[in-house]
Amino acid sequence: MREVMMKAQELAEAILNSDIYQKMKTQEASVRHDPAAAAALGDMIEKRQRVESILSSADMDANVLAEASREMEEAEKRMNENEMIQTLKSCRNDFQTMMDNVNKILRLVITGEVEEENGGSTGCSGNCSCCSGCR
């Protein structure tokens, strides 16, 4: 068990030291320190919280919800048009892809299977009745 925990810590440190993770963290800091990007992000969060508040209200007014939803969509559009936020999203996608690949490798080594994009799996399930690949 100790060896597994040590290897997990090594993997975590390798992830933290990866160029992909470092680039994402640098971009997150850049967004926080850029007035336009920070304002766009803050406005979007505020509008989303308002919609959530309206939805959780016992006496929800459909017209108020519609207006709040429209404002949230506009804020989201402004946020998504911000170049720094676009770059941050790209960095986060790259990081998520790296993490997905790490998980696929672990799954393959442990189970012999790799989950496909469509939710299925490939590899040997150990049940030869559904496969003719090993013969």
Which value, in debye to the nearest 20, gives the size of the charge dipole of segment 1-69 about its Cα centre, when Lys and Arg are +1 and Asp and Glu are -1 at the Cβ?
260 debye
Could you tell me which of rounded, prolate or oblate describes segment 1-49, using a ≥ b ≥ c as the square roots of the eigenvalues of the alpha-carbon gyration tensor, with rounded for a/c under 1.5 and, failing that, prolate when a/b is larger than b/c and oblate otherwise?
oblate
Note the full-extension length gain between Glu46 and Asp59 as 0.36 nm times their separation in residues minus their Cα-Cα distance, in nm to one decimal.
2.6 nm
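No value in this document is a laboratory result; all are computed from the given coordinates. A quick note: this is a predicted structure, and the numbers were derived from the prediction, not measured. Cβ sites come from the backbone with ideal geometry, for glycine too, and all protein chains shown count toward neighbours.
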